[in-house]
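To start, the structure under review is shown below, and the notes come after it.
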Amino acid sequence: MNANAIVQKLWRLCTVLRKDGITYQQYVTELTYLLFLKMMAERDRETGSLPKTMRWTDLVQVNGLAKLEHYRHMLVTLGATSTRLGKEDALVLPPGENASGDDRKRYADARPLPDMVQEIFDNASTFIREPQNLSTLVTAIDELDWFSEERDQFGDLYEGLLQKNAEETKRGAGQYFTPRVLIELLVRLMQPQPGEVIQDPAAGTGGFLIAADRYMRARTDNYFELGEKQQAFQKRNAIHGMENVPGTLRLLLMNLYLHNIDSEHVDLGDTLSDKGTALGKANLILTNPPFGPAGGAPTRQDLSVTANVSSYQLPFVEHCIRALKPGGRAAIVVPDNVLFEDGRGKALRQMMMDWCDLHTILRLPTGIFYAQGVKTNVIFLTRGKTETGNTKAVWIYDLRAQMPKFGKTTPLAGTHFEGFEKAFGKDPDGAERGPDEGAAGRWRRFTREDIAARSDNLDIAWLREAEEEAEEGLTEPEDIAAAILGHLQAATLEIEALMVELGDELPEAAE
């Protein structure tokens, strides 16, 4: 069975678990544990990673109520920091269990479980209440034909489940689900290379990081012939990420593990706090940071331009600017207000154009994100060696005007980006360009002087299409709701920006 067929079969089982009160998000989390155990058995990686009695065959062989009890015990044990693995996969001693002196000595001499195993199962618990439902799920997974010569079979399967979750619930694992076709486009344009540090400061389930790793593997003829140190770097040090939601971090770690990435630099934390500095400097940043109110200003000391901004999008962009090494490049998904907001927004754009070569902006179509209808863009930039005058001109491609009405009935496809990809050229830093298409085309060049004359407003559109007319053609309730939500969220962003500006001016007014 190919990955798509397995995804469909496993997803249908979710209807059984819905009777147990389990949501789609909980179902994907539940599958995280079970698929991990099954994958370890299929790849013959249990020895040295999982204790005896804590493996897939052990779960399969137990029946009835005992299966659910054993499964609960497995989750608690594998996530416990005190759990240790002996030199010969020594048994795990649950609290209060008696054992011989030899067994206790083996336990005392044992080593801890691998860090990623403990992180995946940290604070794990099952949502399943009915033993029969667990038996149905375990049996179905065990009977599937998992064999494949494709290295990423398990990873492709898991990615498919995450996408199904986003499609069904309008929410991905994280605030927004980034369409895979957009992820693949940005990775192709940015061309990640072996030896580079690649970062996503809002990693979600790891779509950008995994796609970047896959790109490098596919395009490096001698990837598996790299020296020992280079191989270790690619597997453990090349990928850097941070995720602020514990449940999403679990999905992220599982996704990385299934794609043979065992990074030591993927962590739980708030990128906009001091912990975010631990991400370090990067050669390439690929990210779709969260939008909207953050519930408070960033607490990081180095985010000086956006220090008092209580929304996510502006501080995340400042983080990306500061985190890039000289010559490093980034592709960042941002909402429209990053391009036009006054005050701190304008100061951030000036910083970005001074410190970096902001060479390209892609105006994305509406309706391409499952969870919201906010208008978005991708900004492409390269960090300069100095902090002044790096942007000479900005090329803008308008893929929003005069486009199909995207939504569930008209999904975004790679063919929609062909014109932009050709205009962008083959150089990730924007050194190769297609010709300016003028006011009648989608691709235009604006000098730094042109932008300064617009008071550094980068929300530039020249192809006109009445938004109301575009929305009149929507027929699916999900698409209509997303359009309404987009208007409300856009209004919220503008109100929040106004409140920040008024707050900045209040101390001066008091004087």
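The values are calculated or read from the model by the stated rules, or taken from the named source; none is laboratory data. Given the structure is predicted, the values throughout are model-derived calculations rather than measurements. Cβ: placed from backbone, ideal geometry, glycine included. Neighbour counts: every protein chain shown. We work out accessible area using only protein heavy atoms, side chains counted, and drop any ligands, DNA or RNA first. Shrake-Rupley method; radii C 1.70, N 1.55, O 1.52, S 1.80 Å.
Only the Cβ atoms of Lys and Arg (+1) and of Asp and Glu (-1) were treated as charged; on that basis the dipole of the stretch 183-290 about its Cα centre amounts to roughly 140 debye. Close amide-amide hydrogen proximity is noted between Leu399 and Arg363, each under 5 Å apart and 5 or more residues distant or on a separate chain (H modeled in the peptide plane; Pro and chain starts excluded). From the Cα gyration tensor of the stretch 292-388, with a ≥ b ≥ c the square roots of its eigenvalues, which class applies: rounded if a/c is under 1.5, or else prolate if a/b is larger than b/c, or else oblate? Judged from the Cα gyration tensor, the stretch 292-388 comes out oblate (a/c at least 1.5, b/c at or above a/b). Here the spin labels are modelled as points 7 Å beyond Cα on the Cα-Cβ line, and at Val181 and Leu13 they lie 3.0 nm apart. The accessible-area ordering, largest first, of the residues Arg45, Arg55 stands as Arg45, Arg55, per a 1.4 angstrom probe. Solvent-free Debye calculation, one equal scatterer per alpha-carbon of the stretch 256-346: log10 I(q)/I(0) at 0.26 Å⁻¹ equals -1.50.
Once fully extended, how much extra length lies between Asn4 and Arg464, figured as 0.36 nm per residue of separation less the alpha-carbon to alpha-carbon distance?
Working: separation 460, 0.36 × 460 = 165.60 nm, distance 3.96 nm.
Extending this stretch completely gives an extra 161.6 nm.
Its relative contact order, with pairs defined as Cα atoms under 8 Å and 6+ residues apart, puts the stretch 385-457 at 41 percent. Using the Cβ-Cβ distance between Ala439 and Glu418 with R0 set to 22 Å, the FRET efficiency works out to roughly 0.50. Of the peptides 23-33, 439-449, the order by per-residue mean of other Cβ atoms within 10 Å, starting with the highest, comes out as 23-33, 439-449. Evaluated at 25 °C with a viscosity of 0.890 mPa s, what Stokes-Einstein diffusion coefficient in µm²/s does the stretch 179-284 have when Rh comes from the Kirkwood expression over alpha-carbon pairs? After rounding, the answer is 176 µm²/s. Nonpolar atom fraction for the stretch 281-325, defined as the carbon and sulfur part of the 1.4 Å probe accessible area, stands at 50 percent. As a rough guide to protection, the peptides 4-15, 233-244 ranked by mean Cβ packing within 10 Å, highest first, stand as 233-244, 4-15.
When you count, for each residue, the other Cβ atoms within 10 Å and take the mean per peptide, how do 189-200, 63-74 rank with the highest first? Write down the numbers at each step before the final one.
Numbers: 189-200: 21.4, 63-74: 15.2.
Ranking the peptides 189-200, 63-74 by packing returns 189-200, 63-74.
Between Arg129 and Ser304, what is the FRET efficiency for a Förster distance of 45 Å, r being their Cβ-Cβ separation, to the nearest 0.05? So the FRET efficiency works out to roughly 0.30.
Tell me, what is the percent relative contact order of the stretch 254-351, built from C-alpha pairs under 8 Å that lie six or more residues apart? Provide the component values of the computation, followed by the final result.
Details: 124 pairs, mean separation 26.4, N = 98.
Reported relative contact order: 27 percent.
Scalar couplings 3J(HN,Hα) for the stretch 188-197, obtained by applying the Karplus form with A = 6.51, B = -1.76, C = 1.60 to θ = phi - 60°, are 4, 6, 7, 6, x, 10, x, x, 8, 8 Hz; x denotes Gly and Pro.
Applying a threshold of 20 Å to the alpha-carbon distances of Lys281/Lys422; Lys67/Lys164; Lys375/Lys426; Lys281/Lys385; Lys9/Lys164 flags Lys281/Lys422; Lys67/Lys164; Lys375/Lys426 as lying beyond it.
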